[in-house]
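I have placed the structure first, in the form of structure tokens, so that the comments after it can refer back to it.
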Amino acid sequence: QVQLVESGGGLVQAGGSLRLSCAASRGIFSRNVMGWYRQAPGKQRDLVARIAPAGSTVYADSVKGRFTISRDGAKNMVFLQMNSLKPEDTAVYYCNTYPSYPQWGQGTQVTVSS
């Protein structure tokens, strides 16, 4: 059974930081590329960052230099450190494999005020 539980979102002012966490089922975490996605109101869900089991990372251009994805294999967790947040980062953030499984968690809301 696929389980993905995101946490750590909140309301922050522009320029602030948040750290998102995702607890994933061990069965999908250990062998898959893991990613953070986001979906703003009225827009499609997009990949923000991904990390391979060996640790290599890829970022969307819009977050390069501001966001950092990491993973903890012992805890089956993925993290997204978000710095220098902008109002356009406002969205619901989800974690999933990359490519994604059909099942999604509930996501965590990130709201950045100007």
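Restricting to segment 7-45, what's the tally of residues that are more than 14 Å from I69 (Cβ to Cβ) and open to solvent by 70 Å² or more (accessible area, probe 1.4 Å)? Give the steps one after another, and end with the answer.
Initially, segment 7-45 is screened for residues more than 14 Å from I69 (Cβ to Cβ), giving 7, 9-17, 23, 25-28, 30-31, 39-45.
From the residues that got through so far, the ones that are open to solvent by 70 Å² or more (accessible area, probe 1.4 Å) too are 11, 13, 26, 30-31, 41-45.
Count: 10.
Which of the residues that make up segment 56-85 are of a type in the set (D, E, K, R) and touching a strand residue (DSSP E or B) at 6+ places or on another chain (Cβ under 6 Å)?
As a first pass, look at segment 56-85 and keep what is of a type in the set (D, E, K, R): 61, 64, 66, 71-72, 75.
Listed by number, the list holds a single entry, R71.
For residues that are hydrophobic (A, V, I, L, M, F, W, C), at pLDDT 95 or above and in a loop (DSSP other than H, G, I, E, B), scanning just segment 55-103, find the one that is surrounded by the fewest Cβ atoms within 10 Å (Cβ to Cβ).
Top of the filtered list is A60.
Counting just the residues of segment 104-114 that are part of a loop (DSSP other than H, G, I, E, B) and within 18 Å of V5 (Cα to Cα), which one comes out most open to solvent (accessible area, probe 1.4 Å)?
Across segment 104-114, the extreme among qualifying residues is Q106.
The values are calculated or read from the model by the stated rules, or taken from the named source; none is laboratory data. All figures in this text were calculated on a predicted structure; none of them were measured in a lab. Note that each Cβ is placed from the backbone with ideal geometry, even for glycine, and that neighbours are counted across all protein chains shown. These accessible areas exclude ligands, DNA and RNA; they are computed on the full protein's heavy atoms, side chains included. Shrake-Rupley method; radii C 1.70, N 1.55, O 1.52, S 1.80 Å.
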